[in-house]
Amino acid sequence: MRLLYFKNAEDLARRISAKLGLDARPVEERDFPDGEVLVRVEPAREAALIARLYPDVNKNLVKLFLALDALADYGAERLILVLPYMPYARQDRRFREGEPISVKAVLGHIKEYPVSHIISVDLHKPYIADYVGNVRVVNVYPAAKIAEALRRWNIDVVLSPDFGSQFRAEAVAKALGAAWDYFEKYRDRETGEIFMRPRSGLSLQGKNVAIVDDILATGGTLAEACENAKALGAAGVYAAVTHCQLLGNARERTKCLSAVYCSNTIPCEYSSIDVSAELAEALAQIL
Ligand code: R5P
């Protein structure tokens, strides 16, 4: 089994190859002035390919498909994809008539190749794994590492910003030995204003609260959750997010938080949670 990687995933590739004793080779990449791209791979019968698809998701997806195509043409029989961040995962259903299920389209292309497994981290919705047919999807959620990062703040309550993310709050809270819940929106019948509060009615007064979510994009979701937690009396509010895109003025918007922790699926200044050990472990289980 050979480990192939795109150059923006070299850090992960080095750590994974060191843990598993695999021979790691980069995929050669070229970007042409007209926007087209080209790759060159070392043929392998069996290979794990690490592709960090964010940022530049569209370009990186084309490079991934070209690499898969070349590997298949050269006789690959078994490929394992390591995709730390799954792009297009938020378009996991049709929100308006006429729209595609984008993540189904992306995964549909992968199905065309001899890919046996996809290892990814914190899929936006775990059910998107169903869109990739017989390819087995390993969805890593580094709850223990997230808990480790948050532990110094003596977290009392872990909250997700919404119902859909509550399983993250539950997993991290269990690792911390804290309470957990999810935020629910409600409208004040007198003023018409919209507020958020824990679904169960759990009090946040004087508590240290951690907000966990999968993606920090513009920061709006975390800012809203933090401000509501503070309005409900939280003593300190911290956040741990798996994939940090930090778009626009996200850093400014999330100033309400006393600390933000992200994983290194998308490297940024908050990426203190290294998922390479979890990816290596998932890969080791398959090999
Ligand atoms: C939404 O479904 C996701 O789980 C995140 O909550 C969302 O993508 C965060 O986006 P933003 O930072 O722009 O509020």
- prompt: Between Arg251 and Glu46, what is the label-to-label distance in nm when each label sits 7 Å out along the Cα-to-Cβ direction?
  reply: 4.5
message: On a full-extension model of 0.36 nm per residue, what is the gain between Lys230 and Lys174, subtracting their alpha-carbon distance, rounded to one decimal in nm?
response: 17.9 nm
- prompt: Measuring from label point to label point, each 7 Å out along Cα→Cβ, what is the Ala259 to Ser102 span in nm?
  reply: 3.3
query: What nm distance separates the two modelled labels at Asp56 and Arg25, each placed 7 Å from Cα along Cα→Cβ?
result: 2.2
message: Can you give me the orientation-averaged projected area of the convex hull built on the Cα atoms of the stretch 1-145, in nm²?
response: 9.6
- prompt: Which ordering of Phe183, Phe163, Phe32, Phe6 is given by a fewest-first count of other beta-carbon atoms within 10 Å?
  reply: Phe32, Phe163, Phe6, Phe183
- request: Take every DSSP beta bridge whose two residues both sit in the chain, then give the antiparallel share in percent to the nearest 5.
  value: 15
statement: Once normalised by the length of the stretch 134-200, the mean sequence separation of its alpha carbon contacts under 8 Å that are 6 or more apart gives a contact order in percent of 26
- request: Run the numbers on the stretch 27-182 and let me know its relative contact order in percent, using alpha-carbon pairs under 8 Å that are six or more apart.
  value: 15
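If you average 1/r over all unlike Cα pairs in the chain and invert the result, what Kirkwood radius do you get in angstrom?
20.1
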- line: For the chain, the charge dipole (Cβ of Lys, Arg +1; Cβ of Asp, Glu -1; about the Cα centre) points to a positive end, and the Cα of Ala277, Ile110, Ile80 closest to that extreme belongs to Ala277
- request: Evaluate the relative contact order of the chain (contact order divided by residue number), counting alpha-carbon pairs under 8 angstrom at least 6 apart; express in whole percent.
  value: 13
- line: Looks like the stretch 230-275, by Cα gyration tensor root eigenvalues a ≥ b ≥ c and the a/c under 1.5 rounded cutoff (else prolate when a/b is bigger than b/c, oblate otherwise), is oblate
query: Running Debye on the stretch 60-207 with equal point scatterers at the Cα sites and no solvent, what base-10 log of I(q)/I(0) appears at q = 0.09, 0.12, 0.18 Å⁻¹?
result: -0.43, -0.69, -1.06
task: Would you be so kind as to identify which of Gly98, Val57, Ala129 lies farthest towards the positive end of the dipole of the stretch 2-140, taking Lys and Arg as +1 and Asp and Glu as -1 on Cβ and the Cα centre as origin?
output: Ala129
query: By the gyration tensor of its Cα atoms, with a ≥ b ≥ c the square roots of the eigenvalues, what is the shape of the stretch 163-268: rounded for a/c under 1.5, prolate for a/b over b/c, or oblate?
result: oblate
- prompt: Which entries of Lys104/Lys125; Lys185/Lys255; Lys7/Lys125 show an alpha-carbon separation above 18 angstrom in the structure shown?
  reply: Lys185/Lys255; Lys7/Lys125
query: How far is helix 220-231 tilted, in degrees, relative to the longest principal axis of the Cα atoms in the chain, given as a value from 0 to 90 rounded to the nearest 10?
result: 30
message: Explain nothing, just the number: dipole magnitude of the stretch 46-185 about its Cα centre with +1 on each Lys and Arg Cβ and -1 on each Asp and Glu Cβ, in debye rounded to the nearest 20.
response: 200
- prompt: Placing +1 at every Lys and Arg Cβ and -1 at every Asp and Glu Cβ, with all other atoms neutral, what dipole size does the stretch 143-273 have around its Cα centre, in debye to the nearest 20?
  reply: 240
- prompt: If you project the alpha carbons of the stretch 122-181 onto their three principal axes, what span does each projection cover, largest first, in Å?
  reply: 42, 22, 13
- prompt: In debye, nearest 20: dipole of the chain around its Cα centre with unit charges on the Cβ of K, R (+) and D, E (-)?
  reply: 460
- request: Can you check what the net charge comes to around Pro142, using other residues whose Cβ is under 12 Å from the Cβ of Pro142 (Lys, Arg +1; Asp, Glu -1)?
  value: -4
statement: Ranked on Cβ counts within 10 Å of their own Cβ, fewest leading, Met196, Met1 go Met1, Met196
- request: Between the alpha-carbon centers of the stretch 8-24 and the stretch 129-170, tell me the distance in whole angstrom.
  value: 24
query: Which Cα, out of Tyr141, Asn264, His243, lies furthest along the positive dipole direction of the chain (beta carbon charges, K/R +1, D/E -1)?
result: Tyr141
- line: A chain fully extended from Asp274 to Phe65 at 0.36 nm per residue, minus the present Cα-Cα distance, gains in nm 72.6 nm
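Throughout, read-outs are computed from the coordinates displayed, never taken from laboratory work. All values reported here derive from a predicted model rather than from experimental measurement. Virtual Cβ from ideal backbone geometry, glycine too; neighbours counted across all protein chains shown.
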